[in-house]
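Asker: Take a look at this one; I'll ask things after.
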Amino acid sequence: MRPSSYKAVVHEFASAIRSGALPAGARLPTHRALARERRIALATATRVYAELAALGLVAGEPGRGTFVRVRSGYDGLEPSRTLPVPRVADLSFNQPLAPGQADLLRQALRTMAVSGDVEALLRQHPPGGHRHDRAVVATYLLGRGIDTVPRNVLLTSGTQQALDIVLHTLTRPGDVLAIDALSYPGIKLLASAHGLDLAPIPVTATGPDLDALDQLCRARPVRAIYTIPTVHNPLGWVLDREQRDRLAALARSHKCLIIEDGTYAFLEASPPPPLQTLAPERTCYVAGLSKNVAPGLRFGFAVLPDRHLEAATSGLRTAAWGAPGVVTALATRWITDGTVTRLEQDRREDAAARQDIARAALAGLDLTAHPGSYIVWLGLEPHQRPDHVAAVLAEKGILVSTADAFATGPHRPRALRLALATPPRDELGAALRCLKDALETIPP
C-alpha cells in the first residue's frame, strides 16, 4: 500500500468532521497510530493534526489525545444556531433589549416621519457623517470623560466597522498587534483579515501584565496595542488609574498606537479616565450603541488623532461611507433627548441584577466577573473539556461560548464565557441552574 499524502489525510479528516461522519467529541487516533495506519512519518502525522487544529476542527488535550471540536458557541466564526432540542437559553451572545423598546422605536420613527427634512435621510451622507451628527456624539462622549471636537469623530455602522477602519488605516500586513491573551473575538477576525500578527499579553486578575507588555515591546516592533480597559470582555476588569497611566507611558516610550475599545464601558458608572484622554495623540477610541441601546442599531463611532483623520476618512469612503442616514438620525435623536442615558442606567441596573442571579445559581463554581456586567467567565474542572461541556449543554438546549473564541495565543484555558443579557431575566436563574447540574453530571 502506498503511503497517504499529507494533504489527502487532512482533506479526508476535514470532510468527515464537517459532514458529521466524525462527530463532535470523537477521539482521533494517536499521532503514532495515525502515522502507522497511513504509512507517514510521525512528524507528518503531527503536522496533519496541527493543520486540522488551525482549521478549528480538532483540539489537542495533553495526555488525553486529540478530539473533534464542538462548535456550539461563538468561536470566531459564524456558529450553527441549531440545537438538537428546543432552545432553553442562548448564553453565547449578549443581545440586550429592555421592555418597551419596541414602543420607543415606534414613537421615534413616527416623530422622525413628521419633523424636519425627511428627504435628507435618503441622500448620501459624507464619509464619517455630517458635522452636526458628529457634534452630537462628541457631546455624548463628554459623559465618558472624552473631550474631543466633532471633526475627530467618525460615525460608522457599528463598533466592528470602527475597528475595521482603524486597523485598515493604522496598520499594514505583517504588523504586530499586542492584545490580551483573552480578548474580544471580533478583533481576531479583523486581525486575520488585515494580515496582522497577534502578540498575546499574559493576563492577571486585575488586567494585562504590563511588565510582560514592556518586554514584548522591547523584543518586537509592536505597531499597536488593542485594549479593553473598562469592563473587559471576557474577564470584566476595570484598569485603575495607575495601570492606565503606565499603559499610556509604555505606548509613548515604545511609539505604539493604542486602540481602546469602549463597548461595555457604559456599565461602569464611575470609571477612571479613558486612555484616549491620557494619550490622545496616539489613541483611537471605538464604541457604539449595540450593547447600551440595541444590537440591531448598527451605529458606532471612532475618535481619532488629527494625523490619522484623512486616512481613516478615505478608508470609510472605500468601505461603506459610515452609518446610514436613517440610523444616524435615530441614534442622534435618542442621544439628544436623553433616551440613551436612560437606557444605559437601565442596563446597569439590569446587568447588576443578572450578576446577582448568576452568583446565586452558580454558587461554588469558579466565577470571574465584573459585578455590574453581562459577562461571566466560568472556570471548569481539570477533567471538563470546554468543547465537550458545550456539547453536553447544547443537548440540553443551552448555547455557550468556549475559551477558544477568546484566546489570542496557543493557550486555551478550561473555561466558558456566559453571556447573561439575552435570556429573559425571570428565566436566567433556571437556565444557569440547569447548566450547573449538567456540569455535575460530567464524570472525572
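Asker: Output the direction-averaged projected area (hull surface divided by four) of the convex hull of the alpha-carbon atoms of the range 142-245, in nm².
Answerer: Details: hull surface 29.5 nm².
The directionally averaged projection comes out at 7.4 nm².
Asker: Kindly write out, for the range 424-436 in residue order, the coupling ³J(HN,Hα) from the Karplus curve 6.51 cos²θ - 1.76 cosθ + 1.60 (θ = phi - 60°), rounded to whole Hz, with x marking Gly and Pro.
Answerer: Whole-Hz 3J(HN,Hα) from phi for the range 424-436: x, 4, 6, 9, 5, x, 5, 5, 5, 5, 4, 4, 5.
Asker: Within the set of other residues whose C-beta is less than 13 Å from the C-beta of ARG218, count the net charge using Lys and Arg as +1 and Asp and Glu as -1. If you can, show how the numbers build up before the last one.
Answerer: Numbers: positive: ARG220, LYS255; negative: ASP211, ASP214.
Computed value for this residue: 0.
Asker: Where the accessible area of the chain is counted over protein heavy atoms with a 1.4 Å probe, how much of it, in %, is carbon and sulfur?
Answerer: Values: 10630 of 19480 Å².
About 55 percent, which is the carbon plus sulfur part of the accessible surface.
Asker: Accessible area, 1.4 Å probe, largest first: how do CYS256, CYS434 sort?
Answerer: CYS434, CYS256
Asker: Moving on to the next point. At a probe radius of 1.4 Å, what is the per-residue accessible area of ARG433, in Å² to the nearest 10?
Answerer: 130 Å²
Asker: Another question, then. Figure the gain on full extension for ARG317 and HIS132 (residue separation times 0.36 nm, minus the Cα-Cα span) and round it to one decimal in nm.
Answerer: Working: separation 185, 0.36 × 185 = 66.60 nm, distance 1.89 nm.
Length difference between fully extended and current span is 64.7 nm.
Asker: When the Karplus curve 6.51 cos²θ - 1.76 cosθ + 1.60 is applied with θ = phi - 60°, which whole-Hz ³J(HN,Hα) does each residue of the range 250-255 get, with x for Gly and Pro?
Answerer: 4, 4, 5, 5, 9, 6
Asker: Over the chain, average the accessible area per residue using a 1.4 Å probe and give it in Å², no decimals.
Answerer: Working: 19480 Å² over 444 residues.
For the chain, the solvent-accessible area averages 44 Å² per residue.
Asker: Pull up the DSSP beta bridges for the chain and report the antiparallel fraction as a percent, rounded to 5. Don't skip to the answer; put the middle values down first.
Answerer: On the way: 26 of 45 bridges.
The antiparallel proportion sits near 60 percent.
Asker: Working only with C-alpha atoms, what are the Rg and Dmax values of the chain, expressed in angstrom?
Answerer: Both quantities, over Cα of the chain: 23.2, 79 Å.
Asker: What spacing in nm lies between the two simple spin-label points modelled at LEU121 and LYS7, each 7 Å away from Cα in the Cβ direction?
Answerer: Modelled inter-label distance: 5.3 nm.
Asker: Moving to a separate point now. Give me the distance between the Cα centres of the range 183-210 and the range 238-316, rounded to whole Å.
Answerer: Distance between centres, Cα-based: 15 Å.
Asker: Then there is this: In degrees between 0 and 90, to the nearest 10, how far off the longest principal axis of the chain does helix 339-361 point, with axes built from Cα atoms?
Answerer: 30 degrees
Asker: Quick check: Cα centre of the range 399-444 to Cα centre of the range 1-61, how many Å?
Answerer: 29 Å
Asker: How much length, in nm to one decimal, is gained on full extension between LEU55 and SER253, taken as 0.36 nm per residue of separation minus their Cα-Cα distance?
Answerer: Values: separation 198, 0.36 × 198 = 71.28 nm, distance 3.74 nm.
Length gained between LEU55 and SER253: 67.5 nm.
Asker: Give, rounded to the nearest 20 debye, the magnitude of the charge dipole that the chain has about its Cα centre when Lys and Arg contribute +1 at Cβ and Asp and Glu contribute -1 at Cβ.
Answerer: Numbers: 50 positive and 43 negative charges, 262 e Å.
Result for the chain is approximately 1260 debye, rounded to the nearest 20.
Asker: Ordering GLU381, GLU281 by how much accessible area each has at a 1.4 Å probe, largest first, what is the list? Mind dumping the intermediate values first?
Answerer: Details: GLU381 100, GLU281 65 Å².
Listed by decreasing accessible area, they come as GLU381, GLU281.
Asker: Suppose we keep just the alpha-carbon trace of the range 85-206; what are its Rg and Dmax in angstrom?
Answerer: In Å, with Rg to one decimal and Dmax whole: 19.5, 54.
Asker: Work through the residues other than LEU34 whose Cβ is under 14 Å from its Cβ and net out their charges, Lys, Arg +1 and Asp, Glu -1. Don't skip to the answer; put the middle values down first.
Answerer: On the way: positive: ARG27, ARG32, ARG36, ARG38, ARG39, ARG47; negative: GLU12, GLU37, GLU51.
With Lys, Arg at +1 and Asp, Glu at -1, the net is +3.
Asker: Something else: Rounded to the nearest 500, what is the 222 nm mean residue ellipticity of the chain from helices alone, with -39500 (n - 2.57) per DSSP H run of 4+ residues and division by all residues? Walk me through the numbers before you get to the answer.
Answerer: Numbers: 15 runs with 183 residues, N = 444.
When only DSSP H runs of four or more count, the value is -13000 deg cm²/dmol.
Asker: Sort the following peptides by mean Cβ neighbour count (other Cβ atoms within 10 Å, averaged over residues), highest first: 407-419, 121-133. The partial results should precede the final answer.
Answerer: Numbers: 407-419: 19.7, 121-133: 16.3.
Highest to lowest by the protection proxy: 407-419, 121-133.
The values are calculated or read from the model by the stated rules, or taken from the named source; none is laboratory data. Fair warning: this is a prediction, and the values are worked out from it, not measured in the lab. Backbone-built Cβ (ideal geometry, glycine too); neighbour counts: all protein chains shown. Protein only, heavy atoms only, side chains kept; ligands, DNA and RNA dropped before computing areas. Shrake-Rupley method; radii C 1.70, N 1.55, O 1.52, S 1.80 Å.
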